[in-house]
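What follows is a set of notes on a single structure, which appears directly below.
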Amino acid sequence: MPKVNPKFEKFVNMSKEEIEEYLKDFKPYFESKRHKYFVNINGIMFPIVQVVALVCGLSPLEISSGQAYSLVKRKGFEIIERGKEG
């Protein structure tokens, strides 16, 4: 297993269900056209970077979309690309 960046350990150590439970009281921040990838958590579309940022207690600026994509995908979430949903 590849070495995990310590700032993402909390996300890596949580199950998909624990992440969903943790995010149940959060809302996505303002959506802009720059967000390309989303994940459906509890019926709400979140930008993938925001999901990792909220769980890890980080600023979204500290996470690349590539890092978030990899982490979210490994947890088994379906990633939805803007314009390709449904």
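Potential lengthening of the chain between N40 and L61 amounts to 5.4 nm, from the contour at 0.36 nm per residue minus the alpha-carbon distance. Placing +1 on the Cβ of every Lys and Arg and -1 on the Cβ of every Asp and Glu, with no other charges, gives the chain a dipole of roughly 340 debye about its Cα centre. Computed over the chain, the range of Cα coordinates on each principal axis works out to 33, 24, 22 Å, biggest value leading.
Every number in this text was worked out from the coordinates using simple rules, so none of it is lab data. It should be emphasised that the depicted structure is a prediction, and the values quoted were computed from it without experimental measurement. With ideal geometry, Cβ positions are generated from the backbone for all residues, glycine too; neighbour counts draw on all protein chains shown.
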